[in-house]
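Just so it is clear, none of the values below were taken in a lab; they were calculated from the coordinates. On a predicted model such as this, the values are computed, not experimentally measured, just so you know. Cβ atoms come from the backbone with ideal geometry, glycine included; neighbour counts cover every protein chain shown.
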Amino acid sequence: MIINGTKIAKAIAEDIKEKILKCKNRPNLSVILVGNNPASLIYIRMKEKACERVGIDFKVQHFNEEEKEGTILNEIDKLNQDDRVNGILVQMPLPKQISNKKVIERIDPEKDVDGFHPINVGKMLIGDDSGFLSCTPLGIKTLLIKSNIKVESKHVVILGRSNIVGKPLAAILMQKKPHCNATVTVCHSYSKNLKEITRSADILVAAIGKPKFVTQDMVKDNTIVIDVGINYLKQTDGTTKILGDVDFENVSKIASQITPVPKGVGPMTVVSLLQNTYMSFKRKNEK
């Protein structure tokens, strides 16, 4: 069975839209973009369209590739102090002269709708719901819930230990909370006997950025497979093909449920950003 992330995300977005329509004001998401990275431009446009559909005001501050770090940090300070701004997002990657660490730590944790600030990461780790969960792990958790996939007492194997997906997802799914309580194994480039570990998974999450890395022989029958990978491969005819980290054609033959790429985890990441922005807006109005 193919898990339709687009359909699930659309239903969540409709719910957010209905809630915003009942509000006097509209939430605001402010984005800082530095340079003209092609992938970043695509992601920004996707986020803008998603915000437009649900009624979130979307504002982009676009700086050139050579912009100084101090200028970006000053812009973040302005957004932190602006009561009209509910969410702040700095599109990664940043040029080498700008520190990712300084930028992330400069954002007000209460407006950090990407969930990357150390305070929000710490809250996630201890299970404090007052913070923001980073969007892709939150999207995966929501995807599992909406698909009626129980993770409690299941063995979840995650391929990849990034700060964006692997580490936070592991922390989220092992929490002593509803829709969590999983036994989690995180694999990486130094892991030995990888096939043996992946074949022990009840739920396998691939998030390593290598196209078709997960092959059919790495997956046992009836495993649930979540493909987080987005790999852009240029074809001989000049077109670009998007592939996941899983050999979908063959793995889908034995998996009980599997997410496609695209239309799987990607839409859930975007709608999680909308959820976090609305949550920030709601919290501010409840103060």
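Taking the Cα centre of the range 1-108 as origin and assigning +1 to Lys and Arg Cβ atoms and -1 to Asp and Glu Cβ atoms, the resulting dipole is close to 440 debye. The radius of gyration of the Cα set in the chain, together with its Dmax, comes out at 19.1, 56 angstrom.
In summary, the range 178-287 shows an alpha-carbon radius of gyration equal to 1.30 times the 2.2 N^0.38 Å reference for compact globular proteins.
Extending 7 Å from the Cα toward the beta-carbon at both N163 and H62 defines two label points whose distance is 2.8 nm. Counting only the backbone N, which residues of the range 247-287 are under 18 Å from the spot 7 Å out from the Cα of K210 toward its beta-carbon? Taking a point 7 Å out along Cα→Cβ of K210, the residues of the range 247-287 whose backbone N falls under 18 Å are 247-251. Converting phi to 3J(HN,Hα) with the Karplus coefficients 6.51, -1.76 and 1.60 and the offset θ = phi - 60°, the range 23-33 yields 8, 6, 10, 10, x, 10, 10, 10, 10, 10, 10 Hz in sequence order, with x at every glycine or proline. Could you state the angle between the C-alpha long axis of helix 5-21 and the longest principal axis of the C-alpha atoms of the chain, as a value from 0 to 90 degrees rounded to the nearest 10? The angle comes out near 30 degrees. For K17, the aspartates and glutamates whose Cα comes closer than 15 Å to its Cα, not counting residues fewer than 8 places off in the same chain, are E48, E52, D57. Restricting the range 80-182 to GluC sites (Glu not before Pro) that sit in a DSSP loop and have at most 15 other Cβ atoms within 10 Å of their own Cβ leaves E152.
Selection among Q235, I8, G87 by position relative to the dipole of the chain gives I8 as farthest towards the positive end (Cβ unit charges, Cα centre). What is the range 1-155 by shape, rounded, prolate or oblate, if you read a ≥ b ≥ c off the alpha carbon gyration tensor as root eigenvalues and call it rounded for a/c under 1.5, prolate for a/b larger than b/c, and oblate otherwise? Since a/c reaches 1.5 and a/b is larger than b/c, the shape of the range 1-155 is classed as prolate. The trypsin sites (Lys or Arg not before Pro) of the range 19-119 meeting both criteria, a DSSP state outside H, G, I, E and B (loop) and at most 10 other C-beta atoms within 10 angstrom of the site's C-beta, are K22, K24, K96.
Among the listed pairs K176/K241; K22/K241; K19/K123; K10/K210; K49/K141; K7/K102, a Cα-Cα separation exceeding 31 Å is found for K176/K241; K22/K241; K7/K102. Rg and Dmax of the range 23-108, both derived from C-alpha coordinates alone, stand at 13.0, 42 Å. Each helix, a run of at least 4 DSSP H residues, gives -39500 (n - 2.57); summed and divided by the residues of the chain, these come to -12000 deg cm²/dmol at 222 nm.
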